[in-house]
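To start, the structure under review is shown below, and the notes come after it.
The values are calculated or read from the model by the stated rules, or taken from the named source; none is laboratory data. Just so it is clear, the model here is predicted, and its values are computed rather than measured. Cβ atoms come from the backbone with ideal geometry, glycine included; neighbour counts cover every protein chain shown.
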Amino acid sequence: MNNELNFSFTVNGREKTFCFPPEATLLTVLRDNGYTEVHNGCETGECGSCVVILNGVTVNSCMVLAASAMDGEILTVRALGDVHNPHPIQRAFAESGAVQCGFCTPGQILSAYALLTEKPSPSDEEIKQALDGNICRCTGYKKIIEAVKLSAVRMKGDDDE
Amino acid sequence: MMMNKNFKQAGLSHEKLDSIALACGREKYTDDFRIDEPLFISFLYSDIASGLIKSINISRAEAADGVKAVLYYGNTPETLHTTAGQGFPEPSPYDCRMFDSKVRFVGDRIAAVAAETKKQADAALKLIDVKIEESEPLFDMEKAMDAGAPLIHTDDEYPAIPVTYKPEINLAAEVLISFGDIEKGLAEADTVIEDSYNMQYASHCATEPHAVAVYFDERGRMVIISATQVPFHVRRIVSMVCGIAIQNIRVIKPRVGGGFGGKQEVFLEQVAALTAWRLRRSVKIVLSRKEVFINARTRHAMRSRIRMGVKKTGEITALEVDDLMNAGAYGPHALTVLSNAGAKVLPLFNKIENLSFTGRSVYTNLPIGGAYRGYGATQGYFALNQHIDAAARYCGIDFLDYVKKWHIKSGETSAVFAALGEGKEGVSQYIKSCGLGDCIDLGAEAIGWAEKRGKKIRSGSKVRGVGAAVCMQGSGIPEIDMASCHIKMNEDGSFNLSTGATDIGTGSDTILAQIAAEAVGTSYDKFIVLSSDTDTTPFDTGAYASSTTYITGNAVKLCALKIRAQLEETAAEILSVEKSDIELSGGTARQILTSKKISYGELCAYRLYTSGQYQIQATQSFVAHESPPPFTAQFAEVEVDLETGELKLLELVAAVDCGLALNPILAEGQVEGAVLNGISYALTEEYLFNSKGRMVNPDYGHYKIFSIADMPKLKTIIVDSFEQTGPYGAKSIGEIALNGPAPAIANAVFDAAGIRLKDTPFTPEKVWKLLRKEV
Amino acid sequence: MKDMKWFFPDTLTEVDELLKNGYKAHGGGTFLVKTALNTDGLFDLSRIPQLKEFGISGGYISLGSALTYTKAAAVLESESAGNFMSKALSSAAACPLRNRITLGGSIYAAPKWSDLIGPLLASDASVRLSSSDKPSAVSDYLSDKKLRHSGIITEVIIPEANIAGGYYRFTQTHFDYPMFTITVSMRGNEDLSCCITGPASGPLVLKGKRAELLKSATALPDFNKERSLSGEYIKKRAEIEFVRLLNITGGNKNE
């Protein structure tokens, strides 16, 4: 198509140029370019499976027109760690039983990451406030809250070292 | 707490095998696979609830940019089948074609377009010219069997097994059992309690929408990647509907983003497969959330009417249950969900001599019902627990004391077990483990029953109350479900465990590894688990009916014991001692007297390379002869605003007997997820239909499920229990916990405010209206 | 789809030019994504520094229109802890949306279920438009179509003294569109300014002494049916909650 845009963003620390139609959402652009860890659960901004961090804050990538993210910095859950060297939050989610089907997990973890970056010792209420856009149908959320709390403890421990 | 059976692997909260990869975004779901140049399929759905397609012209759509195929009833197989992913022959009626000339609900599929891009497929849908002659729709299930009611199925539909099926009166299924004499029992009673309860349509809301991807391998065989709970049923149904040989079909189940019964349904795979097969092209179908709401399956709405004769002593002299279930436009699971509303519910109070269950499933022009976690027991227990609450109150006995006296116990049976099965008679069984008493005691303590029940603690316009509910479920379908597995050993002491069991997020891969590790005598992480792939893993009926832990678990245990025997034999041979002189544990064979040790890896290497060579491996199939029920007692504390009707759930305690919890953290996770779904179903979730039968709230903005910010205080208690027929003492845990919240909340509201909430969801307006009547 | 163009202006002068050419403004985009993107071009407001500024002077809190709900709530909360405006902004929608929805876009779109409009009306807030130096009252902006299309909102101006009070939103779940909202703004003494959003006839602003308002609180205009709740119930509920909010706001009980 002749009207496709060629825009650059930094995704997980790497600047790349993406080619997409002007009305494309960030979700489709990311998924079409292999970032399939960003999940599509509703496309109406109401489930949080597609949450990424854009310029330091969590957003529903299905609700962001990709063009508006030009020159932006995007983090997906893969930026935090991988199976050989997971981030403390990823480790805590796994240990706490906060991961069942895992479809919502990347979004949950990014919401937790954004929260803990800003508030290293969040209260239950603050956790609920920060993760209120991430629907989970498997866990009943209890173990997600436990995982965020465990992450907080671990991350503070890391800072002390 | 746990019964000490000296287990080394069973009963430990090991981390789920896939959880780190999931947390790191490395695992793949169906839509994450890169397949070569797939065609994308979009569906044209009916916006009319009932009608006949008078004409359909696809030529403009066929000629549109990028379009490769348009499918409709005129060019697709007419094979009648059921989309229910059940064992064969299915207990669900064959009442569905891939496409049909009749539309039966708003959201019924009229046609499909396959195009190079999703956008092109969507655009071409608008070019299909369809003329539908509307006919009078049927929305009210209570009128479905009336003379002159519009008929939904009139074209040769038939049941695949010999059961009652009368589409000529919209009867999709019927279940009738009775013992004793109801009228006699009622006459003997001191009072007769009679009421009707209603539960509504609901969506599973698995976070991953339904998806399928099809491609051809190097040799031209068709590979179907599917977000399914039932890969082997997918293969069979695709073969049957499309006329493609089983040999040419391989079904792979990757990670699945939740199922809850919704993905026990095979309704996309056959369309994708047929298109791929005809065009020899890769194909993808990924539903939108709206399509999931409108076209995928739902929880059956059900009306349950109960007449119960009760003596002042508490004895139930008669119980008559009359359930009417809305099958919707087609009948997948129409018989078995209905049957379960009796089979999983009535045995709990097993001392009722005069008992009858009349269940009818009727067609309407509304969305299609299907399997949904709880599977009829949810609806059945909602009604029964409120009735028991009323009976106990009539007798002046505390609900918990009442239940403890009358519920089924270890060593007891119920005639219902033998009478009600899956489309045929059931299987007689005696209960071998029942921890319901402990569930009640521990749960009551946790909620503060003694201090709160009947106290109606007031604060301004708000009053508090507590209520409870008790339930059981089953562990798989006895004499029907079959599971199998294969284990082979590697020379470093690791094992490959292949099973057709379908981990859809539950953690079944992990607990099966724990079972195998316990039997073999090594640690669970020595097992590389593969599930499921119809080419490389043996048959399993799939993830449904709370069956994997018990049925596949037993297959895995027996299989792993065979491996253990081979290890013993090998160690004895190497050490030149009797097998009885060998102890296997912790990945090592030890000669008991000398403490001489050989690692499992060395044993395997010996058999692979040195002497008496063979691959240490085994296979095992398992069919259960009983279905030991797990039990739960759930407790709710609520606060009712007497002025506004606002109902706030403050806390929910779920105490569960699932036998020995093979992995307590994963077991708790099953309970908590099911409980929150049950709460949200009780309070806010509902399909809203307009007068034309269209669902008007097909998005999370208007179909309200609970987020983290809505959760009440939750407590899960796994009670100490051991089921001797289960693998290392285990029973099921997947479904049961969903059955408790609605009745526990309703009973708590009665405790607080003296009103009976008989229709879910409990909106503040319903509460408010009942409160006004009360005043 | 037309060949939609994207622009990234750095100044309001460029914005004026783009508006004249018929292009539409893009704030957070959450509203645009949900509605049809039927336009020749969009210009993104996030690169205009002026629209992200905030401050207090002369008793007025000024918030740039490109500030998100999250940011605006934090600014307001740090100025005046526990005010209804920050409460409303931080309970709206859900975190990843609050991080994206901008004040300007939200006022422009002004959906019936907005969590922002009620508090703005109750507090007599105004907006400054790119087309005029003089601020316009939010109520005028909402009712005057010509005004709405004359320029983009650059700034939201809220009288600092007016944001103390209470806020109530009626929803089924936390992450939900309110069926009604009630804001009670305290103006010293027993004077209150209130706004109820949700009535079929549009937002209702009521001002007066607490005692008078308590009387009118039980005679609200009609509400439409929402989901499975009847208009009758929603109205009744709004009346009860209004009375309750009036009684606790600024009273001796904590809200």
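Laid out as a table, the results:
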read-out	value
Matching residues in region A:39-79 - criterion: being away from chain B (no Cβ under 14 Å), surrounded by fewer than 24 Cβ atoms within 10 Å (Cβ to Cβ) and under 20 Å from B:Ala709 (Cβ atoms)	A:Val57
Strands (runs of 3 or more DSSP E) enclosed by region B:16-88 - at least 1 residues per element that are over 30 Å from B:Leu138 (Cα atoms), more than 14 Å from chain A (Cβ to nearest Cβ) and in contact (Cβ under 8 Å) with a residue 24 or more places away in the chain	B:39-45, B:67-71
Failed item, numbered, when C:Trp113 is tested on (1) on the phi > 0 side of the Ramachandran plot; (2) surrounded by fewer than 24 Cβ atoms within 10 Å (Cβ to Cβ); (3) of a type in the set (A, V, I, L, M, F, W, C)	(1)
Segments classed as strands (runs of 3 or more DSSP E), wholly inside region B:607-714, with at least 2 members that are under 30 Å from B:Pro347 (Cβ atoms) and within 13 Å of chain A (Cβ to nearest Cβ)	B:647-657
Test: residue in region B:182-201 that is in a loop (DSSP other than H, G, I, E, B) and within 30 Å of B:Phe706 (Cα to Cα)	yes
Failed criterion for B:Pro698 (all others in (1) crowded, with 24+ Cβ neighbours inside 10 Å; (2) in contact (Cβ under 8 Å) with a residue 12 or more places away in the chain hold)	(1)
Residue list for region B:276-286, restricted to those being surrounded by fewer than 24 Cβ atoms within 10 Å (Cβ to Cβ) and away from chain A (no Cβ under 14 Å)	B:Trp277, B:Arg278, B:Leu279, B:Arg280, B:Arg281, B:Ser282
Within region B:731-775, tally of residues that are outside any helix (DSSP H, G or I), surrounded by fewer than 24 Cβ atoms within 10 Å (Cβ to Cβ) and modelled with pLDDT of 95 or more	8
Within region C:131-154, tally of residues that are touching a residue at least 60 places away in the same chain (Cβ under 8 Å), surrounded by 19 or more Cβ atoms within 10 Å (Cβ to Cβ) and hydroxyl-bearing (Ser, Thr, Tyr)	1
Test result for C:Pro203, within 18 Å of C:Val127 (Cβ to Cβ), in contact with a Ser or Thr (Cβ under 8 Å, 6 or more places away or on another chain) and surrounded by 17 or more Cβ atoms within 10 Å (Cβ to Cβ)	yes
B:Ile528 vs. criteria away from chain A (no Cβ under 14 Å), in a helix (DSSP H, G or I), closer than 30 Å to B:Thr207 by Cβ and of a type in the set (A, V, I, L, M)	no
Pair list, Cβ under 8 Å, 6 or more apart: region A:24-45 residue farther than 20 Å from C:Thr39 by Cβ and not assigned by TED's automatic domain parsing to the domain that holds A:Ile109, other residue aromatic (Phe, Trp, Tyr) and assigned to a loop (DSSP other than H, G, I, E, B)	A:His39/A:Phe103; A:Gly41/A:Phe103; A:Cys42/B:Tyr700; A:Thr44/B:Tyr700
Residue list for region B:108-148, restricted to those being touching a Pro at 6+ places or on another chain (Cβ under 6 Å) and crowded, with 19+ Cβ neighbours inside 10 Å	B:Leu138
Filtered residues of region A:148-161 (kept if part of a helix (DSSP H, G or I) and surrounded by fewer than 24 Cβ atoms within 10 Å (Cβ to Cβ))	A:Lys149, A:Leu150, A:Ala152, A:Val153, A:Arg154, A:Met155, A:Lys156, A:Gly157, A:Asp158, A:Asp159, A:Asp160
Filter result for C:Glu212 (within 28 Å of B:Glu685 (Cα to Cα), part of a helix (DSSP H, G or I) and not assigned by TED's automatic domain parsing to the domain that holds C:Trp113)	no
Subset of region B:444-498 [among the charged types (D, E, K, R), surrounded by fewer than 24 Cβ atoms within 10 Å (Cβ to Cβ) and within 30 Å of B:His333 (Cα to Cα)]	B:Glu479
Count of region C:82-98 residues which are under 22 Å from B:Lys704 (Cβ atoms), in contact with a strand residue (DSSP E or B) (Cβ under 9 Å, 6 or more places away or on another chain) and in a loop (DSSP other than H, G, I, E, B)	2
Some residue of region C:121-139 being closer than 25 Å to A:Gly48 by Cβ and outside any loop (DSSP other than H, G, I, E, B)	no
Residue check, A:Val38 part of a strand (DSSP E or B), at pLDDT 95 or above and under 29 Å from A:Cys138 (Cα atoms)	no
Single residue of A:Asp32, A:Asp82, A:Asp124, A:Asp132 found to be closer than 21 Å to B:Pro209 by Cα, at pLDDT 95 or above, surrounded by fewer than 20 Cβ atoms within 10 Å (Cβ to Cβ) and within 11 Å of chain B (Cβ to nearest Cβ)	A:Asp32
Qualifying positions in region B:582-601 - more than 18 Å from B:Lys8 (Cβ to Cβ) and touching a residue at least 40 places away in the same chain (Cβ under 8 Å)	B:Gly601
Odd one out for A:Ile145, checked against (1) among the aliphatic types (A, V, I, L, M); (2) assigned to a helix (DSSP H, G or I); (3) outside the structural domain of A:Pro21 (by TED's automatic domain parsing); (4) in contact (Cβ under 8 Å) with a residue 24 or more places away in the chain	(4)
Subset of region B:47-59 that is surrounded by 12 or more Cβ atoms within 10 Å (Cβ to Cβ) and more than 18 Å from B:Leu151 (Cα to Cα) - its residue that is nearest to the chain's Cα centre (by Cα)	B:Asp47
Qualifying positions in region B:244-273 - surrounded by fewer than 24 Cβ atoms within 10 Å (Cβ to Cβ), under 28 Å from the mean Cα position of the chain (by Cα) and not in a loop (DSSP other than H, G, I, E, B)	B:Ile246, B:Ile249, B:Arg250, B:Ile252, B:Arg255
Residue selected from region C:73-104 under the condition within 15 Å of the chain's Cα centre (by Cα) and over 20 Å from A:Gly133 (Cα atoms), by the criterion nearest to the other protein chains (Cβ to nearest Cβ)	C:Gly104
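Table: residues versus (1) in the same structural domain as B:Phe357 (by TED's automatic domain parsing); (2) among the β-branched types (Val, Ile, Thr); (3) assigned to a strand (DSSP E or B).
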position	(1), (2), (3)
B:Ala124	no, no, no
B:Glu142	no, no, no
B:Thr164	no, yes, no
B:Ala173	no, no, yes
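This table checks each residue for (1) in contact (Cβ under 8 Å) with a residue 24 or more places away in the chain; (2) in the same structural domain as C:Ser65 (by TED's automatic domain parsing); (3) of a type in the set (Phe, Trp, Tyr); (4) in contact with a Pro (Cβ under 6 Å, 6 or more places away or on another chain).
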{"residue": "C:Arg128", "(1), (2), (3), (4)": "yes, yes, no, yes"}
{"residue": "C:Val156", "(1), (2), (3), (4)": "yes, yes, no, no"}
{"residue": "C:Asp176", "(1), (2), (3), (4)": "no, no, no, no"}
{"residue": "C:Met179", "(1), (2), (3), (4)": "yes, no, no, no"}
{"residue": "C:Lys207", "(1), (2), (3), (4)": "no, no, no, no"}
